[in-house]
Amino acid sequence: MSSYPAIRLRRTRASAWSRRLHAETVLTPADLIWPLFIAEGDGVEEPIASLPGVSRWSIDGIVARGREARDLGIPCVALFPNTPPGLRSDDGAEALNPDNLMCRAIRALKDKVPEIGVLTDVALDPYTTHGHDGLVDAAGYVVNDRTADALVQQALNQARAGSDIIAPSDMMDGRIGLIRGALEGEGHVNVQIMSYAAKYASAFYGPFRDAVGSRGLLKGDKKTYQMDSANAEEALREVALDLAEGADSVMVKPGLPYLDIIARVKARFEVPVFAYQVSGEYAMIEAAIAAGAAERDAMVLETLMAFKRAGCAGVLTYHAAHAARLLAR
Ligand SMILES: NCC(=O)CCC(=O)O
Ligand SMILES: [Mg+2]
């Protein structure tokens, strides 16, 4: 008798058809949300140096990206405005303007590409002169309750423009319940809330701040409201609260460095969990490719599969269109 094993896990890996048959996790274009940056103007494309391959687009370009998403089978896009400097203020009041860049982009997408979902970010950082997500007191502290009141108004402004998913990314306490109540009060009963429930104060957000024009403006850091990377149990408390307050789905952000959080949230709550593979992760992957250290297609698909394997319902990723093209092959 052979001393070699009868149980051979390599048996099912021996051919491509068998590997496909035994795959435990599936990644499809329907798992992807494509973040898009909006610029003022017409016919404008502004490449973002720290996010090679990603541009800001004027609203006509956003609509074109929306059509591209639809044709690739991507169900949803996420919008972020680069507010012109003259419209930024201490209190970020432009966030409440019904004709701001965000609202005009929402209306254009819902009018021209009604087949896709539009997710909109709720936080004041693209609109403030200090780059913080909320209102700042004399000592520079981001105040919770007055900020939450402003976020409620911002969320209503986006819902009135046609947003499908309100995504508060600010990490103020209590804002999900307040926003849910206000949406219900105005009859927006089917507008979803995807809460950035566990958002960490991270070194991976730099290129995003370039993209929305807040990098040079940001005073200090966001550690008094975003989470400490040391903490996991606290993430579970954050998620529990946002679900109790009415979130339809929750997000963990950043993505790859926090796969343990995603897996724990999914195991504990069994609700739709999304990950944001953030700008610094995208830039890191692209830098590795530019340095000849990695092959783009394989690396993009492997990282996205990791999110699905960890339990995600979907992923916000700047690689969404590229990945969807690969998956269509
Ligand atoms: N509220 C949205 C983000 O902060 C995105 C961060 C990133 O992509 O780095
Ligand atoms: Mg919270």
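The values are calculated or read from the model by the stated rules, or taken from the named source; none is laboratory data. Every value quoted in this text rests on a predicted model; they were computed, and no experiment measured them. With ideal geometry, Cβ positions are generated from the backbone for all residues, glycine too; neighbour counts draw on all protein chains shown. Each accessible area value is taken on the protein alone, full model and side chains, heavy atoms only, with ligands, DNA and RNA left out. Shrake-Rupley method; radii C 1.70, N 1.55, O 1.52, S 1.80 Å.
See the values below:
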{"quantity": "Rounded to 10°, Cα long-axis angle of helix 101-112 versus longest principal axis of the chain", "calculated": "60"}
{"quantity": "Zero-based 5 Å bins, Cα pair distances in region 210-329, whole percents", "calculated": "2, 10, 18, 20, 18, 15, 12, 5, 1, 0"}
{"quantity": "Region 1-147, dipole about Cα centre (Lys/Arg Cβ +1, Asp/Glu Cβ -1), debye to the nearest 20", "calculated": "1440"}
{"quantity": "Sulfur and carbon atoms: percent of accessible area, the chain [1.4 Å]", "calculated": "54"}
{"quantity": "The chain: angle of helix 144-161 to the longest principal axis, Cα-based, in degrees nearest 10", "calculated": "80"}
{"quantity": "Difference of contour (0.36 nm per residue) and Cα-Cα distance, Ser89 to Arg67", "calculated": "4.6 nm"}
{"quantity": "Modelled label reach - Glu45, point 7 Å along Cα→Cβ, region 104-134 residues with backbone N closer than 14 Å", "calculated": "none"}
{"quantity": "Contour minus Cα-Cα distance for Ala291 and Ile7 (0.36 nm per residue)", "calculated": "98.1 nm"}
{"quantity": "Cα-based helix-to-principal-axis angle, 296-310 vs the chain, degrees rounded to 10", "calculated": "80"}
{"quantity": "Relative contact order, percent, region 106-155 [alpha-carbon distance under 8 Å, six or more residues apart]", "calculated": "24"}
{"quantity": "Region 162-250 shape via C-alpha gyration tensor axes, a/c threshold 1.5", "calculated": "oblate"}
{"quantity": "Percentage relative contact order, the chain, counting C-alpha pairs under 8 Å, at least six apart", "calculated": "19"}
{"quantity": "Average accessible area per residue (Å²) across region 3-48 - probe 1.4 Å, nucleic acids and ligands excluded", "calculated": "74"}
{"quantity": "Distance from region 70-95 to region 98-134 (C-alpha centre basis), Å", "calculated": "4"}
{"quantity": "Nearest-10 value in Å² for the accessible area of Ser229, using the 1.4 Å probe", "calculated": "80"}
{"quantity": "Ratio Rg/Rh, restricted to region 6-117 and using Cα atoms, in which Rh is the Kirkwood radius", "calculated": "1.22"}
{"quantity": "Volume in Å³ per residue [convex hull over Cα atoms, computed for region 40-180]", "calculated": "116"}
{"quantity": "Gain upon complete extension [Met299, Ala201; 0.36 nm per residue less C-alpha separation]", "calculated": "32.7 nm"}
{"quantity": "Ellipsoid semi-axes in whole angstrom, largest first, where each is sqrt(5λ) of the Cα gyration tensor of the chain", "calculated": "34, 23, 20"}
